[in-house]
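Reading through the structure tokens given below for one structure.
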Amino acid sequence: QVQLVESGGGLVQAGGSLRLSCAASGSIFKINAMRWYRQAPGKQRDVVSSITSGGSTNYADSVKGRFTISRDNAKNTVYLEMNSLKPEDTAVYYCHADVLRYAWGTTALTYWGEGTQVTVSS
């Protein structure tokens, strides 16, 4: 079993900042890519940012320059630093990870967090 536990969501004023965390636990040999998605009511779930095991990052155009993704491999944790938040950033943010559970395995499995609500006022 692999579980992704998210934290850091909440209510913040426009222009403020939040830091989301997602810690993976369970049977983990290696985590490949980790990602953050978000989904607003009535909208599709979109990729916000991703980071590979080697540290290469990608960002959606809407958050580029404002958000920063990072990871701590020793803690199996991915972070999303969100700055200069806008009301349009309001959404449920989901953690996503590709996990190789065993050293003898060949296929990375996909896991999702339950999501954490981010609400930006004003």
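The values are calculated or read from the model by the stated rules, or taken from the named source; none is laboratory data. All values derive from a computational prediction rather than experimental measurement. In this analysis, Cβ positions are derived from the backbone assuming ideal geometry, glycine residues included, and neighbour counts consider all displayed protein chains. Keep in mind that these areas ignore ligands, DNA and RNA; they rest on the heavy atoms of the full protein, side chains included. Shrake-Rupley method; radii C 1.70, N 1.55, O 1.52, S 1.80 Å.
Observations, loosely collected:
- Within region 40-47, none of the residues are touching a Gly at 6+ places or on another chain (Cβ under 7 Å), closer than 12 Å to VAL92 by Cα and open to solvent by less than 70 Å² (accessible area, probe 1.4 Å).
- Candidate set from region 108-122 (those that are hydroxyl-bearing (Ser, Thr, Tyr) and farther than 27 Å from GLN1 by Cβ); member that is most open to solvent (accessible area, probe 1.4 Å): SER122
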